[in-house]
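Peer 1: Quick one: this structure, given as structure tokens, is what I'll be asking you about.
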Amino acid sequence: MTSMGGRFSFAGVSAYSATKFALEGLSEALAAEVAPFGIKVLIVEPGAFRTSFAGSGALLQSAAIPAYADTVGPVRATLPSTDGKQPGDPAKAAATILAALDAEKTPLRLPLGNDAADAISTHLDNARAEFRAWESVARSTDFDD
């Protein structure tokens, strides 16, 4: 279980996203390694779901650092207030995960929730545009024939 934070990140969640990025890379490689044995790997990338993730018992915050007030501060301030108001339904997510695993062609990645689908789609569009803008530079770094 990763999250949409395994596909992109933003200020205030760097450590969280680092773990999710690592899990995505591990899972992608693992999928190729175990596929010959008929084993499926599914990377689940949920958005905000009504779990205890943002609850007071789950969030442990260190002391605020004033220099980060403008970048990290908004996440620190707003995340706890989202608890119990997230749009995602955990029961629907569980049913969707089971359906994906039972599918003849299980996807490698499964974003869940409108917020995740929208954010991941936007991130992919932006990544493609950045790649296209720098593609000629990227391709110019090989040895000349």
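The values are calculated or read from the model by the stated rules, or taken from the named source; none is laboratory data. Bear in mind the structure is a predicted one, so any value in this text is a computation, not a measurement. As a convention, Cβ positions derive from the backbone with ideal geometry for all residues, glycine included, and neighbour counts pool all protein chains shown. Ligands, DNA and RNA are excluded from the accessible area calculation, which covers all protein heavy atoms including side chains. Shrake-Rupley method; radii C 1.70, N 1.55, O 1.52, S 1.80 Å.
Peer 1: State all residues of the range 43-53 that are surrounded by 13 or more Cβ atoms within 10 Å (Cβ to Cβ) and either part of a loop (DSSP other than H, G, I, E, B) or not aliphatic (A, V, I, L, M) (or both); if no residue qualifies, say none.
Peer 2: Across the range 43-53, the qualifying residues are E45, P46, G47, A48, F49, R50, T51, F53.
Peer 1: Among the residues that make up the range 24-42, is at least one of them in a helix (DSSP H, G or I), at pLDDT 90 or above, touching a helix residue (DSSP H, G or I) at 6+ places or on another chain (Cβ under 8 Å) and not small (G, A, S)?
Peer 2: Among the residues of the range 24-42, at least one is in a helix (DSSP H, G or I), at pLDDT 90 or above, touching a helix residue (DSSP H, G or I) at 6+ places or on another chain (Cβ under 8 Å) and not small (G, A, S), which makes the answer yes.
Peer 1: For the range 89-145, enumerate the residues that are out of contact with any Lys or Arg (no Cβ under 9 Å at 6 or more places or on another chain) and acidic (D, E).
Peer 2: Across the range 89-145, the qualifying residues are D102, E104, D115, D118, D125, E130, E135, D142, D144, D145.
Peer 1: I want to confirm something. Restricting to the range 96-134 and keeping residues that are touching a Pro at 6+ places or on another chain (Cβ under 8 Å) and more than 20 Å from E28 (Cβ to Cβ), which single residue is most open to solvent (accessible area, probe 1.4 Å)?
Peer 2: N114
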